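Novice: What follows is a structure written as structure tokens; I'll ask about it next.
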Amino acid sequence: MSRKVLVIAGDGIGPEIAVEARKVLDVANERFNLDIEFDEALLGGSAYDTVGVPLPDETLEKAKASDAILFGAIGGPKWDNNERHLRPEQGLLDIRSKLELFGNLRPAILYPQLADASSLKPEVVSGLDILIVRELTGGIYFGEPRGIRTLENGEREGYNTYKYSESEIERIARVAFEAAQKRSGKLCSVDKANVLEATVLWREVLDRMAPEYPDVELSHMYVDNAAMQLVRAPKQFDVLVTGNMFGDILSDAAAMLTGSIGMLPSASLDKNNRGMYEPCHGSAPDIAGQGKANPLAMILSAAMMLRYSLNAPEAADAIEAAVSSVLDQGLRTPDIFTEGDTLVNTSGMGEAVAVALKQ
Ligand code: NAD
């Protein structure tokens, strides 16, 4: 039976890196007889420019009809002054929420070849391999009421609501406990239970579930400490689980440990492991159209897609091995370049991975 993949390139560097991911997937499709059928759709600023909304109905329908979505990035200064509901970012939040993609997996792996590109000392980061599990469809990014209101004294006040229900906490906790079972059995839950009631409940639910996973050692850490520990001694962590906002921030910090945000893939899954796969970075308007973007995060996202949603782990392993072999050859886009490496552009990097995958 054929597998349907929807490719959403998006804005900025999105289309440049999507082309490279397709190159690699086309090779995988043939080499492993995957029978993948590709379709394309608009999201974000490009959708707004074409049809007037950041998430067109057609895109949502195509997304629902596909087995997995491979997504580049959205956003850019051109749309920054749009009303909130017409901003590219709103299209992304909406598609995640309408597809109920609550489980965001963000691995942060330091390829040994890139130890020098990390902002931390090689001995602190070498061998780093952590997984951040971020709740993606709840918390303060979605909580109502929200807005900017004028108080009686005429002063304006911005406000948001941070809330999590027990069932929302439980379902993301299950993803994290199960991920920890498949890895080293260590799970650290990050919260701010000393200040925020929403996370007092978060901690309670995690503790209540822990006996169901006797092979997982659960610990808790406040988010401020977690931020500090991530840059002090990141290898103490294996799987981290946290809410939407803390996960957003901590996963970007973890990204820099690995050398470049251009190396980090992610998966956002629903309860049936159907998902959307995307690089952790944004649309990088500062380098868009210049051939400087690193396509590896998107290529590695395609590998995650093959593993988690399309049941093709061999093809996923082969893509990851091809990426590693290209790094062994010393090929680097500018974001991971250090003295002595061979500088390549976006398409040079994609092409090299496709060639390595053919062999
Ligand atoms: P960004 O991730 O786009 O860029 C941050 C920095 O990292 C920039 O210097 C950029 O050049 C660099 N960078 C990012 N990806 C890279 C890659 N593949 N190769 C090399 N360098 C790379 O974050 P930002 O600048 O805060 O946001 C830019 C736009 O992206 C905004 O409109 C924002 O809303 C949007 N955004 C979208 C997503 C998404 O689509 N998932 C995520 C974050 C931000």
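Novice: Restricting attention to region 46-62, does a residue exist that is under 30 Å from LYS358 (Cβ atoms), in contact (Cβ under 8 Å) with a residue 60 or more places away in the chain and either in contact with a helix residue (DSSP H, G or I) (Cβ under 7 Å, 6 or more places away or on another chain) or surrounded by fewer than 22 Cβ atoms within 10 Å (Cβ to Cβ) (or both)? Working first, answer last.
Specialist: Taking region 46-62 and keeping what is under 30 Å from LYS358 (Cβ atoms), we get 62.
So of that shortlist, the ones also in contact (Cβ under 8 Å) with a residue 60 or more places away in the chain come out as none.
No; the residues of region 46-62 include none that is under 30 Å from LYS358 (Cβ atoms), in contact (Cβ under 8 Å) with a residue 60 or more places away in the chain and either in contact with a helix residue (DSSP H, G or I) (Cβ under 7 Å, 6 or more places away or on another chain) or surrounded by fewer than 22 Cβ atoms within 10 Å (Cβ to Cβ) (or both).
Novice: While we're looking at this one, here's another question. LEU99 versus (1) open to solvent by less than 60 Å² (accessible area, probe 1.4 Å); (2) within 28 Å of ASP286 (Cβ to Cβ); (3) within 15 Å of the ligand (Cβ to nearest atom): which is the lone unmet condition?
Specialist: All conditions pass for LEU99, except number (2).
Novice: ALA108: among the hydrophobic types (A, V, I, L, M, F, W, C) and closer than 18 Å to HIS281 by Cα, yes or no? Please lay out each step first, then the result.
Specialist: Details: among the hydrophobic types (A, V, I, L, M, F, W, C): yes; closer than 18 Å to HIS281 by Cα: yes.
Taking the combined requirement at face value, the residue satisfies it.
Novice: Further, regarding this structure: Taking region 111-131 as the search range and keeping residues that are of a type in the set (D, E, K, R) and either under 21 Å from HIS281 (Cα atoms) or assigned by TED's automatic domain parsing to the domain that holds GLY185 (or both), which one is modelled with the highest pLDDT?
Specialist: To start, the set of residues in region 111-131 that are of a type in the set (D, E, K, R) comprises 116, 121, 123, 129.
With either under 21 Å from HIS281 (Cα atoms) or assigned by TED's automatic domain parsing to the domain that holds GLY185 (or both) added as a condition, the list becomes 116, 129.
On the way: ASP116: 81, ASP129: 92.
Within region 111-131, the match that is modelled with the highest pLDDT is ASP129.
Novice: If you check GLU61 against the conditions, is it touching a Lys or Arg at 6+ places or on another chain (Cβ under 6 Å) and modelled with pLDDT of 95 or more?
Specialist: On the way: touching a Lys or Arg at 6+ places or on another chain (Cβ under 6 Å): no; modelled with pLDDT of 95 or more: yes.
Answer is no for this residue.
Novice: Answer yes or no: is there a residue in region 229-248 that is in a loop (DSSP other than H, G, I, E, B), open to solvent by less than 30 Å² (accessible area, probe 1.4 Å) and within 16 Å of the ligand (Cβ to nearest atom).
Specialist: The answer is no; no qualifying residue exists.
Novice: OK, next. Which residue is farthest from the ligand (Cβ to nearest atom), if the candidates are limited to region 277-317 and must be farther than 25 Å from ASP335 by Cβ and touching a Phe, Trp or Tyr at 6+ places or on another chain (Cβ under 7 Å)?
Specialist: Of everything passing the filter in region 277-317, GLU314 is farthest from the ligand (Cβ to nearest atom).
Novice: Looking at ASP215, ASP224, ASP252 in this structure, which one is open to solvent by 50 Å² or more (accessible area, probe 1.4 Å), within 16 Å of the ligand (Cβ to nearest atom) and out of contact with any strand residue (DSSP E or B) (no Cβ under 9 Å at 6 or more places or on another chain)? Can you show your working first?
Specialist: Details: ASP215 fails: within 16 Å of the ligand (Cβ to nearest atom); ASP224 fails: within 16 Å of the ligand (Cβ to nearest atom).
Exactly one residue qualifies, and that residue is ASP252.
Novice: Okay, next question. Based on what the data block shows, is THR342 touching a Gly at 6+ places or on another chain (Cβ under 8 Å), of a type in the set (S, T, N, Q) and open to solvent by less than 10 Å² (accessible area, probe 1.4 Å)?
Specialist: no
Novice: Filtering region 78-94 down to residues that are more than 11 Å from the ligand (Cβ to nearest atom) and assigned to a helix (DSSP H, G or I), which residue is surrounded by the fewest Cβ atoms within 10 Å (Cβ to Cβ)?
Specialist: ARG84
Novice: When you scan region 21-45, how many residues do you find that are open to solvent by less than 10 Å² (accessible area, probe 1.4 Å) and assigned to a helix (DSSP H, G or I)?
Specialist: Total meeting the criteria: 5.
Novice: Quick one: ILE130 ticks every box in (1) in contact with a Phe, Trp or Tyr (Cβ under 7 Å, 6 or more places away or on another chain); (2) within 16 Å of the ligand (Cβ to nearest atom) except a single one, so which number is it?
Specialist: Against the list (1) in contact with a Phe, Trp or Tyr (Cβ under 7 Å, 6 or more places away or on another chain); (2) within 16 Å of the ligand (Cβ to nearest atom), ILE130 comes up short only on (2).
Novice: Let me ask something else. What residue, among those in region 155-181 that are out of contact with any strand residue (DSSP E or B) (no Cβ under 9 Å at 6 or more places or on another chain) and not in a helix (DSSP H, G or I), is nearest to VAL216 (Cα to Cα)?
Specialist: SER165
Novice: Output the number of residues of region 125-154 satisfying the condition of being part of a strand (DSSP E or B) and surrounded by fewer than 17 Cβ atoms within 10 Å (Cβ to Cβ). Outline the logic, then answer.
Specialist: The first filter runs over region 125-154 and keeps only residues part of a strand (DSSP E or B), leaving 129-135, 147-150.
Add one more test, that the residue is surrounded by fewer than 17 Cβ atoms within 10 Å (Cβ to Cβ), and what stays is 129, 147-150.
Matching residues across region 125-154 total 5.
Novice: Also, I was wondering about something else. Quick check on my filter: what residues within region 63-77 are surrounded by 15 or more Cβ atoms within 10 Å (Cβ to Cβ) and among the aliphatic types (A, V, I, L, M)? Steps first, please.
Specialist: From region 63-77, those surrounded by 15 or more Cβ atoms within 10 Å (Cβ to Cβ) are 63, 66-76; that's our starting set.
Scanning region 63-77 gives ALA63, ALA68, ILE69, LEU70, ALA73, ILE74.
Novice: Being within 10 Å of the ligand (Cβ to nearest atom), modelled with pLDDT of 95 or more and aromatic (Phe, Trp, Tyr) narrows it down to one residue among PHE38, PHE71; which is it? Talk me through it step by step, then tell me what you get.
Specialist: Working: PHE38 fails: within 10 Å of the ligand (Cβ to nearest atom).
None of the other options fit; the residue is PHE71.
Novice: Checking the conditions here, which among LEU206, LEU201 is modelled with pLDDT of 95 or more and buried (at least 19 other Cβ atoms within 10 Å of the Cβ)?
Specialist: Values: LEU201 fails: buried (at least 19 other Cβ atoms within 10 Å of the Cβ).
On inspection, the qualifying residue turns out to be LEU206.
The values are calculated or read from the model by the stated rules, or taken from the named source; none is laboratory data. A quick note: this is a predicted structure, and the numbers were derived from the prediction, not measured. Here the Cβ is made from the backbone with ideal geometry for all residues, glycine too, and neighbour counts use every protein chain on show. Accessible surface areas use protein heavy atoms only, side chains included; no ligands, DNA or RNA. Shrake-Rupley method; radii C 1.70, N 1.55, O 1.52, S 1.80 Å.
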